[in-house]
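Undergrad: What follows is a structure written as structure tokens; I'll ask about it next.
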Amino acid sequence: MRPNIEKIPDELRDKDNLDTKSLIERKAWLAWKRFDQRLHPYSGEKKCILIPGMQRSGSKLLVRIFEWSRLTDCYPEVDKRAFDFYQMRNVDHIRHLKNQSNAEFFVIKALCESDQTALLLEYFKPAQAIWIWRDFRDCVNSCIRNFTSFASIAHSIAENPLMAGWRGRGMSEATWNIVRDHNKPDMNEATGAALQWYYRNVLFFEQNFDHSPRVATVRYEDMVSHPVETASAIFKFAGVPDFSPWVVRKIHARSLKKNATPPITPAVFDLCMQLQERFQALPSIQQIPDQRHLT
């Protein structure tokens, strides 16, 4: 799944932010769930739920929500069974993991593979995708607070998208021209991160997912501001029948708009705002019916 042309993607290095009590609770739950699934393995057709999108947009939270279902087997990008240096292993290996799983629902992140989501939906049928996105200003603030090199990555992509590995893979010529147009020698990190937010999220529309019943979008802000309603809709869309408000009991909205607007250049700010408005115009996941019959 990944070309051997780059080192470990730094922005995917993510420490677990759970307190000790919550960490113990999570590990105990996952251990019990694995034991229960071994005792009562699902014998029907298993379904894949992909989670593509931009890093620092709430994908960990979305996986954690699914983890609290008794019926799921979840694979974040730190799980070495499914990922190599945070990128998905080859599709045959992932299909084997899915087939060997004892759970009805096989949930796996596909952040670095967002450009390949359409292909993965076919490889792992029956499958659906939930594209996670976040307000670009908060996403950029989170990116530049935790990581670096966004400007240098933009410079590399402007020269040749393949020089940036998975970040430039699958980039359309139109998007490449946009990156080149906005690439400046003195680009700051916030602008570089905002460009990455743009060229990774525009892949949603370039793959025509705004017209696909198999793909829904979830906004991070909705997950943390209205967790019960949003998570219930996520479970309904994915066809996971055991939703309970208990799965979102630890979610809070303290991460929303807690930092000033990052110093993104006006042209790139407007570029991101236009794309964000396209996402905002889409039906919310609460408006999308159960799509199990279409997978």
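The values are calculated or read from the model by the stated rules, or taken from the named source; none is laboratory data. Quantities reported herein were computed from a predicted structural model and do not represent experimental measurements. So basically every Cβ, Gly included, is an ideal-geometry build from the backbone, and we count neighbours across all protein chains shown.
Undergrad: Would you mind telling me which numbered condition in (1) under 19 Å from residue 267 (Cβ atoms); (2) buried (at least 19 other Cβ atoms within 10 Å of the Cβ); (3) not basic (Lys, Arg) residue 174 fails?
TA: (2)
Undergrad: To continue, here is another question. Go through 202, 140, 107 for me and flag whichever is buried (at least 24 other Cβ atoms within 10 Å of the Cβ) and more than 30 Å from residue 38 (Cβ to Cβ).
TA: Answer to the selection: 140.
Undergrad: Also, I was wondering about something else. Among 241, 185, 245, 283, which is over 29 Å from residue 68 (Cβ atoms) and of a type outside the set (S, T, N, Q)? Show your work before the answer.
TA: Values: 241 fails: over 29 Å from residue 68 (Cβ atoms); 245 fails: over 29 Å from residue 68 (Cβ atoms); 283 fails: over 29 Å from residue 68 (Cβ atoms).
The match here is 185.
Undergrad: Counting residues that are small (Gly, Ala, Ser), which helices (runs of 4 or more DSSP H) fully inside region 52-170 reach at least 2?
TA: 150-159
Undergrad: Filter region 30-65 down to residues that are surrounded by fewer than 21 Cβ atoms within 10 Å (Cβ to Cβ) and of a type in the set (A, V, I, L, M, F, W, C) and give me whichever is farthest from the chain's Cα centre (by Cα).
TA: Kept after step one, since they are surrounded by fewer than 21 Cβ atoms within 10 Å (Cβ to Cβ), are these residues of region 30-65: 30-46, 60-61, 64.
So of that shortlist, the ones also of a type in the set (A, V, I, L, M, F, W, C) come out as 30-32, 35, 39, 61.
Numbers: 30: 21, 31: 25, 32: 26, 35: 28, 39: 31, 61: 10 Å.
Among those residues, the one meeting the criterion is 39.
Undergrad: While we're looking at this one, here's another question. Could you check region 253-282 and list, in sequence order, the residues that are of a type outside the set (Asp, Glu), under 20 Å from residue 177 (Cβ atoms) and free of Cβ contacts under 8 Å to residues at least 24 places away in the same chain?
TA: Across region 253-282, the qualifying residues are 266, 274.
Undergrad: Kindly indicate whether residue 33 is over 26 Å from residue 279 (Cβ atoms), in contact with a helix residue (DSSP H, G or I) (Cβ under 9 Å, 6 or more places away or on another chain) and not in a loop (DSSP other than H, G, I, E, B).
TA: For residue 33, the condition - over 26 Å from residue 279 (Cβ atoms), in contact with a helix residue (DSSP H, G or I) (Cβ under 9 Å, 6 or more places away or on another chain) and not in a loop (DSSP other than H, G, I, E, B) - is met.
Undergrad: Please name all residue pairs, on different chains or six or more residues apart, with Cβ atoms under 6 Å, provided the first residue is in region 222-234 and is under 18 Å from residue 256 (Cα atoms) and the second residue is of a type in the set (D, E, K, R) and modelled with pLDDT of 95 or more.
TA: From region 222-234, the pairs are 230/222.
Undergrad: Just name the residue that is nearest to residue 59 (Cα to Cα) out of those in region 248-271 that are assigned to a loop (DSSP other than H, G, I, E, B) and among the aliphatic types (A, V, I, L, M). Lay out the reasoning, then the answer.
TA: Within region 248-271, the first condition is being assigned to a loop (DSSP other than H, G, I, E, B), and the residues that meet it are 249-265.
Restricting the remaining residues to those that are among the aliphatic types (A, V, I, L, M) gives 251, 253, 256, 260, 264.
Working: 251: 13, 253: 15, 256: 15, 260: 23, 264: 24 Å.
Only one residue tops the list, namely 251.
Yes or no, residue by residue, for (1) in a strand (DSSP E or B); (2) surrounded by fewer than 18 Cβ atoms within 10 Å (Cβ to Cβ); (3) in contact with a strand residue (DSSP E or B) (Cβ under 9 Å, 6 or more places away or on another chain); (4) not polar (S, T, N, Q):
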position: 218; (1), (2), (3), (4): yes, no, yes, yes
position: 223; (1), (2), (3), (4): no, no, yes, yes
position: 228; (1), (2), (3), (4): no, yes, no, yes
position: 231; (1), (2), (3), (4): no, no, no, yes
position: 237; (1), (2), (3), (4): no, no, yes, yes
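Undergrad: Starting from region 128-139, take each residue that is at pLDDT 95 or above and list its partners that are of a type in the set (Ser, Thr, Tyr) and assigned to a strand (DSSP E or B), counting only C-beta distances under 9 angstrom and pairs at least six apart or across chains.
TA: Here the result reads 130/217; 131/217; 132/217; 133/217, each pair linking region 128-139 to a residue that is of a type in the set (Ser, Thr, Tyr) and assigned to a strand (DSSP E or B).
Undergrad: Report yes if some residue within region 150-172 is within 15 Å of the chain's Cα centre (by Cα), acidic (Asp, Glu), on the phi < 0 side of the Ramachandran plot and modelled with pLDDT of 95 or more; otherwise report no. Spell out the reasoning first.
TA: Here is the first cut: in region 150-172, the residues within 15 Å of the chain's Cα centre (by Cα) are 166-167.
In the following step, the residues that additionally are acidic (Asp, Glu) were identified as none.
No, that holds for no residue.
Undergrad: If you go through region 239-268, how many residues are over 30 Å from residue 72 (Cβ atoms), surrounded by fewer than 19 Cβ atoms within 10 Å (Cβ to Cβ) and at pLDDT 95 or above? Spell out the reasoning first.
TA: In the first step, residues of region 239-268 are kept if they are over 30 Å from residue 72 (Cβ atoms); the result is 257-268.
Okay, now just the ones that are also surrounded by fewer than 19 Cβ atoms within 10 Å (Cβ to Cβ), so 257-261, 263, 265-267.
Imposing the further condition that a residue be at pLDDT 95 or above reduces the set to 263, 265-267.
Number of matching residues: 4.
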